[in-house]
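Peer 1: First the structure, which I've put down as structure tokens, then a few questions once you've had a look.
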Amino acid sequence: MNAPVPANLKQLSVLLRQGEGSTLEFKRSTGELKEGIQTLCAFLNGAGGLVLFGVRPDGTAEGQDVSDKTLREIAQATERLEPPAQFSIHRLKVKAGREVIILAVEGVAGMRPYIFDGRPYERVESTTRRMPPEKHEKLVLERAHGRSRWENARAEGVEIKDLDRDEIFRIVEAAPSTGRLVGPIGKRLADILDRLGVRKDGKILQAAIVLFGKTFLPDYPQCELRMARFRGKDKTEFLDQRQMRGPAFKLLEEAELFCQRHFPLPGKIVPGRLRRVDTPLLPPNAMREILVNAFIHRDYAIAGGAVSLAIFDDRVEIWSAGGFPAGITPESLTRNHLSVQRNPIIADVFHRVGLIEKWGRGTNRVVAMCREAGIPAPEFEEITNAAVVTFRVRVGATARSEVESKVESKVESKVELGGNLQNRVLTVLHRGPLSKVQMAKAVGKKRVDGQLHAAVRELVTQGLVEYTIPDKPNSRLQKYRLTARNHQ
């Protein structure tokens, strides 16, 4: 920043004699607050600068009334800057009851581009203007692939003890089966974090918080998942609403469980075998692919951002903060396109666990799966600096209740399984392997209780359910799945 912040009236007078410039802007009062913050955004995208309120266009400092309300309005306006910006506020008294307010910022290359109200701005000599789209895209691409990114910045004050040890080992133990994490891994957390690339020079990176964090407030509010099931086709009335913060893999699992609770699952039962031919509302792998993309490609520099899952009667929407990565357009996602990763460290850990590839084919596979299932291909949009994927499918509450009642009546009339809880466990396991904690949520329980333990134990005894890790029945990674008997 070329212009120093004046500390007194004498220094202010010297600054005002310089007139407006590429790093200096005068505003008569905070009545021009919006234009002033647009200029502040432009300074952030450049070399920094000062915005002065209470100065006439000719450089005369007349000041303005400054109250608590004035400062609140400034704070609220600057909250619309993304990513969140560091700036300082200075007040200089010029006469009785009149002050000049000075907002000062430094340009931070690794965080550009900044946007205000969803739009980028730049400074050209003494003028603030909208940044051209091609320059904005170039800056986004540089931020995504440069040395300085949000994910590879140091997590200040965070140590290994602040990470979720169980989650780290859960993910690492799952990785070797994919063949993407070969060789000895070791048991020391420090070595594992180094191997995964989320620790550098002995310092924990912010990517580690996204993947393995335990505490997210107040410093990492963006590690959030918002889920809602709305009645009808708009957001007027909630049927179910959940918000949670946690490491990315657990949030992904929570999103899938929420879908399982609210998606209809038409199917038919074969008497005596519980053979069920499922026709899910959405291909599970297609839904998972879009959810995974939302977590790995979102802009974590947006502190107020989140991944959002909204289920309506006529569609399912997945929102991801920050729009699509530079070089990717909504139209390109249904054609051959490059794999552009906004968070390559986070994406690499998902890749090692086998949840993504690195060839830019994920959305193409989703389109193909939807067409094969006889449903419309998803719609890709960018709305108010968010990437939005919409599946146009019928999720109507009436249709769902009819399907569930038919399936449950067939199960109860054709097969004796010793209790409705066992039926419900078998129903949710048709959607894929689950741990007991996941099972409890899927069947509507708040926690794993004795009834659930007994139901699962009986199903295992009957040969209807089996362990996913049979040689370690008490493993913390243990899940349960239907046996081949239920798929014949």
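Peer 1: Can you give the extra length, in nm with one decimal, that the chain gains between Gln451 and Lys233 once fully stretched, where that is 0.36 nm per residue apart less the Cα-Cα distance?
Peer 2: Numbers: separation 218, 0.36 × 218 = 78.48 nm, distance 3.74 nm.
Result: 74.7 nm gained on full extension.
Peer 1: I've got another one for you. Mind jotting down the distance between the C-alpha centroids of the range 21-66 and the range 205-221, whole Å?
Peer 2: 35 Å
Peer 1: Counting only C-alpha contacts under 8 Å and six or more residues apart, can you give the relative contact order of the range 416-486 as a whole percent? Each step should come with its number before you reach the end.
Peer 2: On the way: 74 pairs, mean separation 24.3, N = 71.
It comes to 34 percent, rounded to a whole number.
Peer 1: Label Val5 and Glu73 with points 7 Å out from Cα along Cα→Cβ: what is the distance between them in nm?
Peer 2: 2.2 nm
Peer 1: Moving on to the next point. What number, in percent, do you get for the relative contact order of the range 1-101 if the mean sequence gap of Cα pairs under 8 Å and at least 6 apart is divided by its residue count?
Peer 2: 29 percent
Peer 1: Ok, one more. Label the range 416-486 by shape, choosing from rounded, prolate and oblate, from the square roots a ≥ b ≥ c of the eigenvalues of the Cα gyration tensor; if a/c is under 1.5 it is rounded, and otherwise prolate applies when a/b is larger than b/c, oblate when it is not. Could the numbers behind the result be given before it?
Peer 2: Numbers: a/c = 1.43, a/b = 1.07, b/c = 1.33.
It comes out rounded by the Cα gyration axes.
Peer 1: Could you rank the peptides 367-375, 234-242 by their average count of other C-beta atoms within 10 Å per residue, with the highest value first?
Peer 2: 367-375, 234-242
Peer 1: Grab the Cα-Cα distance for Arg365 and Asp117, subtract it from 0.36 nm times how many residues apart they are, and report the gain in nm with one decimal.
Peer 2: Gain on stretching Arg365 to Asp117: 85.9 nm.
Peer 1: Please state the shape class of the range 1-52: rounded when a/c is under 1.5, otherwise prolate if a/b exceeds b/c and oblate if not, all from the C-alpha gyration tensor. Kindly include the intermediate steps, with their values, before the conclusion.
Peer 2: Numbers: a/c = 2.18, a/b = 1.29, b/c = 1.68.
Oblate is the answer for the range 1-52, as a/c is 1.5 or above yet b/c matches or exceeds a/b.
Peer 1: Could you line up Leu429, Leu477 from fewest to most neighbouring Cβ atoms inside 10 Å?
Peer 2: Details: Leu429 22, Leu477 14.
Listed from fewest to most nearby Cβ atoms, that is Leu477, Leu429.
Peer 1: At what distance in nm do the modelled label points of Glu159 and Asn285 sit from each other, each positioned 7 Å from its Cα along Cα→Cβ?
Peer 2: About 4.5 nm separates the two model spin labels.
Peer 1: Any idea what log10 I(q)/I(0) is at q = 0.14, 0.23, 0.26 Å⁻¹ for the range 1-90, Debye with uniform C-alpha scatterers and no solvent?
Peer 2: So the normalised log intensities are -0.48, -1.33, -1.58.
Peer 1: In addition: Give me the extension gain from Ile469 to Ser13: residue separation times 0.36 nm, minus the current Cα-Cα distance, reported in nm with one decimal.
Peer 2: Full-extension gain reported as 156.7 nm.
None of the figures in this text is laboratory data; all of them are computed from the coordinates on show. All values derive from a computational prediction rather than experimental measurement. A quick note on method: Cβ atoms are made from the backbone with ideal geometry, for glycine too, and the neighbour counts reach across all protein chains shown.
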